[in-house]
Amino acid sequence: MSSFDELYETYVKDPRTPCNYGVKCYQKNQIHRDKYKHPPPDDRKGKNGTRSKPKKRTRLDRRNEEKDEPSITESDSDSEVPEITSKKCCVSLDSSDQTASAGQSSSKQRESDVGSEDEQKSDIVSYSRNETEDNETESSTLVDEKEFIKEKFLVHMPSDFYSFYELCKEISPNDPCSAFKAADLLLVGPYDVLNGKLLDAKVENNDLYLRHWRYFYDPPEFQTIIKGNDKEGLHFGYWRDEPKKNPVFVAKNSMKVDCKIKPMAETVFGAVDDYLEEKLKTTNPFAKPKVASLRQRLKKFANARCIRLEKSTETMRARERLVVARTFHRAGIVVPYNKKTQLGYRELAATDGNLKKILKQIDESENDAERSDHLINLEEVERLATIAADECDFGTCLELGHDLFSSGSEYVQTIAVRMLTTAYSLLNRPEFLKIVKAHCCDRKTGCVLGII
C-alpha cells in the first residue's frame, strides 16, 4: 500500500466532518483545521510530471466511434450489385450522394454543437459547485471566528460588527483594520480575531483576552472595538447592559480627559458616521477629501444594506427609560426594577456630590492614618448598599461599584470590585464579573493596550 493510500485510509476513518473545500482548502487557522478533516494531497505523478487526468469523452466522440465500426456484414459485401448503365441514373446517383454528404456534414455539425454545449454546461456546473464550496468554507470560518470571540471575550458581536469589517475589506483589502486610518481610526479588540492576529497568537492566560484593548475607564459593559487618537485616548465600543444580550448602542470615551461614556448611535456605522461628520469640520484641507470619501463609502454601503445610521433610535430611547441611576460615567445602569413595589434599586446613602467629596479626600490624604478616617465614611455607604442588596435592591451595589470604578482611585478599587462582585452575582451576570476582575489585575492608563 502506497503512502497516499495509507493517508487516505486514515482520512476516511477520521470521524470529523469533512471540509467542503477538500484538498483545495486555503484556511490555515487552527480552529478550522481541528474542526474539519481534510483529504491528503495526491502526489502520484504521470509520465509528464503531472497527475494524468482521464480525458472527458463527449457525446460526439462516442458517436464517431460507432461510425468507425463497419456497418455491413461479410455476406453483404459478397452480394452482387446491379450494374448501372444509364447516364440519367448516374446523374441522379451523384445528386443523391451530394445530398447525403451534405446531410451527414450537417448531422456532424449538430452533434459537435451538442457536445460543445454539454461541455459548457459541465463547466458551468463545476464552477457553480466550486463557488458554493468556497462560500460554505467562508461561512464555516466565520462561525469559527464568532465562537472564538464568544469564548475569549465572553460576549458575542452583533451583525453590524461583521458588516463593518466587510466595508473595511472593500476599502483596504490588504489591511482592513486600517481602512479608516486617514480619519485617525483603527479597528481593534475583537476585530483582531477577524484579521487573524489573535487566531494565530499563543496566549496562555485567557484573562489577557479580557484586557485586550480595554481602556482604563472601560467598565465590563463597554467593549472597545475602534481606537481613535492617543492625545485624548479616544476610543469607541459597544455598550450592553447584559452580557448575553445584544449591545444597546455604540459609545465613545476619551480616557485622558475623563470617565464620561457618551452614547453615539445604535450601530458602529452610525457612530463612525457621526465621528466623520465632526472630523470634517476640524480636519485640514489636505485630509478633508479622504475623510469625505470615507464617509461617502460608509453611507453608500450602509444604505445598500438597510443599516441604520441614526444617532438616536427607539431602542436607545427605550433603554434610556429603564436607567435607574446615571452613575459617574453618565451612560447609566439598567437592572430589573418594579415601579409599583420599588424593588430592584434604591438610592445610595450618599449623593454624587458627597461621594465625590469623600473620594477626593481619600486620594488627597497625606498619610495612611488620615486616609483611614475618610475611608470610614465610604465604608458606611458600602454597608448600606450591601443591606440594600440583601433586600433585593441589587442596583444599589451596581451603582456604587460603577462609581468607585469610574473614580479611578487606586485606594477604592478593592471596594469597587467587592461591590461589583455582589451585584453581578445577584443579577446573574458572571461574564461581567470575570471581565472586571481580569481588568483590575492590570489596569493600564496608557493607549497601547493590545496583547499582541
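Is it fair to say L348 is touching a residue at least 24 places away in the same chain (Cβ under 8 Å), crowded, with 19+ Cβ neighbours inside 10 Å and under 24 Å from L322 (Cβ atoms)? Yes, satisfied.
One line per residue, one yes/no per condition, for (1) over 17 Å from the mean Cα position of the chain (by Cα); (2) under 22 Å from K152 (Cβ atoms):
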residue	(1), (2)
S172	no, no
L185	yes, no
H212	no, yes
N229	yes, no
K256	yes, no
M264	yes, no
V268	no, yes
V272	yes, no
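Among the residues of the stretch 171-198, those that are in a helix (DSSP H, G or I) and either closer than 20 Å to C447 by Cα or without any contact (Cβ under 8 Å) to a residue 60 or more places away in the chain (or both) comprise P176, C177, S178, K181, A182, A183, Y191, D192, V193, L194, K197, L198. Screening L185 against (1) buried (at least 16 other Cβ atoms within 10 Å of the Cβ); (2) of a type outside the set (D, E); (3) more than 17 Å from G450 (Cα to Cα) leaves a single unmet condition, (3).
Only one of the numbered conditions (1) touching a residue at least 40 places away in the same chain (Cβ under 8 Å); (2) in contact with a Gly (Cβ under 7 Å, 6 or more places away or on another chain); (3) under 30 Å from D393 (Cα atoms) is not met by V323, and that is (1).
Yes/no per residue for (1) of a type outside the set (A, V, I, L, M); (2) assigned by TED's automatic domain parsing to the domain that holds D403; (3) over 25 Å from the mean Cα position of the chain (by Cα):
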position: P289; (1), (2), (3): yes, no, yes
position: A292; (1), (2), (3): no, no, yes
position: Q296; (1), (2), (3): yes, no, no
position: R305; (1), (2), (3): yes, no, no
position: E310; (1), (2), (3): yes, no, no
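Here the strands (runs of 3 or more DSSP E) wholly within the stretch 199-317 that include at least 2 residues being among the hydrophobic types (A, V, I, L, M, F, W, C), crowded, with 21+ Cβ neighbours inside 10 Å and touching a Gly at 6+ places or on another chain (Cβ under 8 Å) are 222-227, 234-239, 249-254. Looking at the stretch 293-309, which of its residues are modelled with pLDDT of 95 or more and in contact with a Ser or Thr (Cβ under 9 Å, 6 or more places away or on another chain)? Within the stretch 293-309, F301, A302, R305, I307, L309 qualify.
Which one of these does L384 not meet: (1) touching an Asp or Glu at 6+ places or on another chain (Cβ under 7 Å); (2) closer than 25 Å to T421 by Cβ; (3) assigned to a helix (DSSP H, G or I)? L384 satisfies all of (1) touching an Asp or Glu at 6+ places or on another chain (Cβ under 7 Å); (2) closer than 25 Å to T421 by Cβ; (3) assigned to a helix (DSSP H, G or I) except (1).
Residue-wise test of (1) over 25 Å from K260 (Cβ atoms); (2) out of contact with any Gly (no Cβ under 9 Å at 6 or more places or on another chain).
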{"position": "N338", "(1), (2)": "yes, no"}
{"position": "G344", "(1), (2)": "yes, no"}
{"position": "N367", "(1), (2)": "yes, yes"}
{"position": "E380", "(1), (2)": "yes, yes"}
{"position": "D403", "(1), (2)": "no, yes"}
{"position": "S406", "(1), (2)": "no, yes"}
{"position": "V417", "(1), (2)": "no, no"}
{"position": "Y424", "(1), (2)": "no, no"}
{"position": "R429", "(1), (2)": "no, yes"}
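Residue count for the stretch 361-379 under the criterion of being hydroxyl-bearing (S, T, Y) and either surrounded by 15 or more Cβ atoms within 10 Å (Cβ to Cβ) or in contact with a His (Cβ under 7 Å, 6 or more places away or on another chain) (or both): the result is 1. Against the condition out of contact with any helix residue (DSSP H, G or I) (no Cβ under 8 Å at 6 or more places or on another chain), in a helix (DSSP H, G or I) and closer than 24 Å to R443 by Cα, how does K356 come out, does it pass? Judged against the criteria, K356 is not a match.
The values are calculated or read from the model by the stated rules, or taken from the named source; none is laboratory data. Nothing here was measured: the structure is a model prediction, and the numbers come from that model. Here Cβ is always computed from backbone atoms with ideal geometry, including for glycine, and neighbour counts include all displayed protein chains.
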